[in-house]
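**Q** After the structure tokens below, expect a handful of questions from me.
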Amino acid sequence: MRITQGKVVGGRVVVESEALSEGANVTVLALDESTFTLNERDEAALLEAISEADRGDLFDADDVLKNLP
């Protein structure tokens, strides 16, 4: 997994820093005008959560919703 940035040009996402393989699966997080930064601990937690999802270590949405107060 890699994290890279790009911008929308002509309705398409153009990656600015590196080329991706043809047919690569990507996830796009569209930021509004404000941005955020993460400290090292929060970035590590985010990357671990993404790794868990990639491994299929997920919770079913219905189970999560049933357990909400």
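**Q** Being of a type in the set (Gly, Ala, Ser), surrounded by 10 or more Cβ atoms within 10 Å (Cβ to Cβ) and out of contact with any helix residue (DSSP H, G or I) (no Cβ under 8 Å at 6 or more places or on another chain) is true for just one of SER51, SER34. Which residue is that?
**A** From the options SER51, SER34, the qualifying one is SER51.
**Q** Okay, moving on. Report, by residue number, each residue of region 1-41 that is part of a loop (DSSP other than H, G, I, E, B), more than 13 Å from the chain's Cα centre (by Cα) and not small (Gly, Ala, Ser).
**A** Answer for region 1-41, where residues must be part of a loop (DSSP other than H, G, I, E, B), more than 13 Å from the chain's Cα centre (by Cα) and not small (Gly, Ala, Ser): GLU16, GLU18, LEU20, GLU22, ASP32, GLU33, THR35, PHE36, THR37, LEU38, ASN39.
**Q** For region 10-27, what are the residues that are of a type in the set (A, V, I, L, M) and either over 21 Å from ASP54 (Cβ atoms) or exposed (fewer than 10 other Cβ atoms within 10 Å of the Cβ) (or both)?
**A** Correct list: VAL14, ALA19, ALA24.
**Q** Moving on. Looking only at region 42-69, how many residues end up being part of a helix (DSSP H, G or I) and of a type outside the set (Lys, Arg)?
**A** Count: 18.
Rule-based calculations on the coordinates, nothing more; no lab input. What you are looking at is a predicted structure, and each value in this text was computed from that prediction instead of being measured. Every residue, glycine among them, receives a Cβ derived from its backbone with ideal geometry; neighbour counts consider all protein chains shown.
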